[in-house]
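Visitor: Quick one: this structure, given as structure tokens, is what I'll be asking you about.
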């Protein structure tokens, strides 16, 4: 029996070769999840063939810790069943692919259940139930924070859950202390408990967006698909929210939970009724390990100070720091040469100082430039351009279709859906941040498809491409396309679309294009020609 | 990992050019003149430099083919047989008598090489005594029956008939080199020495095997006309190669595009979509947006073809890279802003070393410089090709720059110097994970080619070298004294780098 289950789990995980949000998903869903997260675990693939773990010795006081489900004390850990609609970035006029999955949540305040953002992302219907109550209850999302993979949901009809006691939020557990993971993972319907120890506390990528990193705690308790959003408990208090793990092919007994500093920050952020995202220093730091760096950068105290390797434009510190500066301290705490800083006694990434702050908060900096020590105070703000590089959710795909030409804003979802390999588009996407494309083209627009028609039949080899100009108007965002198409190009009666690095412009005769447009809409079953919407933030 | 990828890609090229594993055909053979006295076996040992550890060479490998005897005790083979050869020899197919050989002239782009014996005159003369040169025949038409000659293990000739189904221009071995080819239909035997094989008609050489597509049974032939051009070129001992135009074109079949350009219905023409700096088109004043209507009197149709008096419809590239020689004049009629203009100029050839990124590196290693464990190189296509299946952001950025060199060239760069890897030395402590970074300056001096870096490292400031990168982390520092020490250790120590630089 055990071996059977083990094989089943392995098969399940092989579908998702990398770090994954651990929501229990249906198969169609898993494939897209695997695509989104593959880039994160390259450095871990070499450790694939680890031996199976030895069984944990039985605990002598096992009975003392027994959970009595019948008491109803654990009804505050709920099962969440979600129906989702995957947006269709290939045919953006379609509503998308319906699918579903399940995860876990827990009560943190009257009719406030916490779970992972990835459990309820793209949800069309959310149903919750306790382990003792087979009846599902409709719920709705109150707050969702994709950048830290947390969400709060509430029951539409709160009475049913009114008697439940909320779980208290604790602190950061110490290494090697025991924790319990509760939830509704794969392998059965009722609540499941697993036990392990805190293995590591580190700054880690969060695979939900794949571009956000925060503090995360690694535990060796089994965390499997379906555990997502479930509480990790120590001394009866929540010390984390189970949220991601590795496929068994990559690493064993490595599960991650979102620790309480991240949870508490989220709860504080939404106190005002809206979620305002993380703020960011928007710098890339480079360690100072080389004596020649110490000498050239004129550092007095070895071991303190990290070099600034790159600074984002319009970020929190873009007016203060520049590449080659050495950041000595942040918020009054010394920054060590490897970019770490001591927070609550632990050495963590220096970003952790900023992580706990909010938009508009100030932070003091000390740095060395040209051998001179300088001080500054910066106001922290969010750096939005990076969002496009990660997976985004709960967004209706934005597009504009005219005479068979489909224009879409460049982002991760688009790249994945169209599997774009065009060198220029890939180059702009890969280097959007480090080559600072976001300054001149905040929202690059891609001509992703040209639907075949009499009017477009000669254009079938011209896409995909990055739209540089339409009718002489530089295209900086999707909304520009609509405006530019209305204008006349350099020759009246012709629409001229220039793609970056592509030799010939795409030429459409306006009269033919106008005639073809409704025909193409009809033939390809396109209900709406455009959804311009709002830029990703 | 990197090395493995590169070796794999090499093997793929080799396999493509190897002849086939197909059974012999029983197709009736037309009587043909068979000349075994015009063929020698050519055995080559090929060894390339390692693009990632540029001071060392990769494992040697062998190639075997059939060479065609040319007048003056010369042997014609494809350049693939001779490029990067560490040892070449000629072998009599029947007696197995061997003499070492050397390359007299080689054109990597046209994929042809001329070999001569590399022994004392007496031995060479004795070797060639029973051999008679083959004449080159350029007159081939669609539907012609050709014979391909192979030699079996004991030197017996195997003759296989092939029928010319297409005459066209097609890619040769080096990226971007398009020349005339014949495509023939027929099944080829798999024999051990089939890297270069002659094709004959009426006892004359009409071409050499370029590649064989086993699945479709299509043999691509490097034609007599290109061979004749090469032999004329090499006659003075100096291979100038084929001229190049240096422009990219797009067809004008799209009616709406034609209307926009103002082309009349009966007019053909090709739209100039890019003009490479410093090549023929650029020098004669061709501009992006021009429409080329004719070249040297040949009218260009909207697909880019012209009517060749000898071979019929051919791509316009054959006018430059087939018919003409470097120094010939070129006259191009273009439509510019609705008016016809005639551009005149002389055909030149942009040399491989005149490109920002080395297009190929045959018979030479990549330029490199090791300083304090930092390995600098001039970017080359072979370097990038090794990553074909393993692109990361750094490689993808370099690949993009290789395809779009204009911006970097405008900065005055002659070569793209980049940090290819970092060896674990004391002076490079902390930099080991870097690689793929374009170098802007060293010690304040702009690095336009690798030789500049050698000079720049002579003047550290306050005992520190400052290296400025185009991207993150922007600045690297090396201790001058320590890096000199490390340089000495690099030669003798674990890495045994005999020479810390190659600047050629």
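Values quoted throughout were computed directly from the atomic coordinates according to the rules given, and no laboratory measurement underlies them. Note that the structure is a prediction, hence the values are computed from the model and not measured. Here Cβ is always computed from backbone atoms with ideal geometry, including for glycine, and neighbour counts include all displayed protein chains.
Visitor: When all C-alpha to C-alpha distances in the range B:356-502 are sorted into bins of 5 Å, what percent of pairs does each bin hold, rounded to whole numbers?
Guide: With a bin width of 5 Å, the distribution comes to 2, 10, 20, 23, 21, 14, 8, 2, 0.
Visitor: Taking the Cα centroid of the range B:111-185 and of the range A:181-198, what is the distance between the two, rounded to the nearest whole Å?
Guide: A separation of 72 Å, based on Cα centres.
Visitor: Also, quick follow-up: If contacts are Cα pairs under 8 angstrom and at least 6 residues apart, what is the relative contact order of chain B in percent? Intermediate results must be reported in sequence, preceding the final value.
Guide: Working: 1130 pairs, mean separation 58.9, N = 504.
RCO, chain B: 12 percent.
Visitor: Given the rule -39500 (n - 2.57) for each run of at least 4 DSSP H residues, summed and divided by the residues of chain A, what is its mean residue ellipticity at 222 nm, to the nearest 500 deg cm²/dmol?
Guide: Numbers: 11 runs with 91 residues, N = 537.
Estimated from H runs of four or more residues: -4500 deg cm²/dmol.
Visitor: Classify chain A: rounded, prolate or oblate, from the alpha-carbon gyration tensor (a ≥ b ≥ c, eigenvalue square roots; a/c under 1.5 rounded; otherwise prolate if a/b is larger than b/c)?
Guide: Numbers: a/c = 2.05, a/b = 1.27, b/c = 1.61.
Here chain A falls in the oblate category.
Visitor: For chain B, find the longest principal axis of its Cα atoms and tell me its angle to the long axis of helix B:2-17, 0 to 90°, nearest 10.
Guide: 10
Visitor: In peptide A:495-507, how many Cβ atoms from other protein chains are near each Cβ within 10 Å, on average? Working shown, then result.
Guide: Numbers: counts 2, 1, 0, 0, 0, 1, 4, 3, 10, 14, 6, 3, 8.
Average per residue, whole number: 4.
Visitor: Please work out whether the range B:52-139 counts as rounded, prolate or oblate from its C-alpha gyration tensor, where a ≥ b ≥ c are the square roots of the eigenvalues and a/c under 1.5 means rounded, while otherwise a/b larger than b/c means prolate and anything else oblate? Kindly include the intermediate steps, with their values, before the conclusion.
Guide: Details: a/c = 2.18, a/b = 1.41, b/c = 1.55.
Cα axes put the range B:52-139 in the oblate bin.
Visitor: Taking chain A as the reference, fit the longest principal axis to its C-alpha atoms, fit the long axis of helix A:260-269 to the helix C-alpha atoms, and give the angle between the two in degrees, 0 to 90, nearest 10.
Guide: Helix A:260-269 sits roughly 50 degrees off the main axis of chain A.
Visitor: Also, quick follow-up: For the range A:140-188, what's the relative contact order in percent, using C-alpha pairs closer than 8 Å and at least 6 residues apart?
Guide: Values: 20 pairs, mean separation 10.3, N = 49.
Answer for the range A:140-188 is 21 percent.
Visitor: Looking at the square roots a ≥ b ≥ c of the eigenvalues of the Cα gyration tensor of the range B:247-346, which shape do they give, rounded for a/c under 1.5, prolate if a/b is larger than b/c, or oblate? Don't jump to the answer; show the numbers that get you there.
Guide: Numbers: a/c = 1.87, a/b = 1.24, b/c = 1.51.
Verdict is oblate for the range B:247-346.
Visitor: Would you calculate the separation in nanometres between label points at residue A:537 and residue A:160, each defined as 7 Å from the Cα along the Cα-to-beta-carbon direction?
Guide: 3.5
Visitor: Next question, about the same structure. Pairs of Cα atoms under 8 Å, at least six residues apart: use those to get the relative contact order of the range B:98-146, whole percent.
Guide: On the way: 36 pairs, mean separation 14.2, N = 49.
Over the range B:98-146, the number comes to 29 percent.
Visitor: Give the distance, in whole Å, between the Cα centre of the range B:287-335 and the Cα centre of the range A:106-147.
Guide: Measuring centre to centre over Cα atoms gives 69 Å.
Visitor: Residues of the range A:315-338 with the amide nitrogen closer than 16 Å to a label point 7 Å from the Cα of residue A:300, along Cα-to-Cβ, please.
Guide: Under 16 Å, as judged by backbone N against the label point of residue A:300, lie A:326-329, A:334-335 of the range A:315-338.
Visitor: Sticking with this one: What average count of beta carbons from other chains do you get within 10 Å of the Cβ of residues in A:283-294? Mind showing how you got there, number by number?
Guide: On the way: counts 0, 4, 2, 8, 4, 2, 4, 11, 9, 18, 9, 3.
The per-residue average across the peptide is 6.
Visitor: If you don't mind, there's one more thing I want to ask. Once the Cα gyration tensor of chain B is diagonalised, what are the square roots of 5 times its eigenvalues, in whole Å and ordered largest first, as equivalent ellipsoid semi-axes?
Guide: Values: eigenvalues 355, 225, 72 Å².
Calculated on Cα positions only, the semi-axes equal 42, 34, 19 Å.
Visitor: Taking the simple approach of a point 7 Å from Cα along Cα-to-Cβ for both residue A:344 and residue B:287, what is their distance in nm?
Guide: Going from the residue A:344 label point to the residue B:287 one covers 6.7 nm.
Visitor: Calculated from DSSP H runs of 4 or more alone, at -39500 (n - 2.57) each and per residue, what is the 222 nm mean residue ellipticity of chain B, nearest 500?
Guide: Details: 11 runs with 91 residues, N = 504.
Computed ellipticity for chain B at 222 nm equals -5000 deg cm²/dmol.
Visitor: If I fit a long axis through the Cα atoms of helix A:27-37 and take the longest principal axis of the Cα atoms of chain A, what angle between them do I get, 0 to 90°, rounded to 10?
Guide: For A:27-37 against chain A, the angle is about 80 degrees.
Visitor: Can you tell me the Rg and the Dmax, both Å, for the Cα atoms in the range B:145-234?
Guide: When restricted to the Cα atoms of the range B:145-234, Rg and Dmax are 13.0, 39 Å.
Visitor: Would you please put A:365-378, B:366-379 in order of how densely packed they are, using the mean number of other Cβ atoms within 10 angstrom per residue and starting with the highest?
Guide: Values: A:365-378: 14.6, B:366-379: 24.4.
Result, highest mean first: B:366-379, A:365-378.
Visitor: Another question, then. Considering every residue in B:473-483, what mean count of other chain Cβ atoms within 10 Å of its Cβ is obtained? Intermediate values should be presented prior to the final figure.
Guide: On the way: counts 10, 10, 9, 6, 10, 5, 7, 1, 1, 3, 1.
Average neighbour count from other chains, rounded to a whole number: 6.
Visitor: Sticking with this structure for a sec: Regarding the protein assembly as shown, what's the average projected area of the Cα-atom convex hull, expressed in nm²? Could the numbers behind the result be given before it?
Guide: Values: hull surface 199.2 nm².
Here the figure is 49.8 nm², rounded to one decimal.
Visitor: Separate question: What percentage of all Cα-Cα pairs in the range A:334-478 are separated by more than 27 Å? Provide the component values of the computation, followed by the final result.
Guide: Values: 4551 of 10440 pairs.
Within the range A:334-478, distances greater than 27 Å cover 44 percent of Cα pairs.
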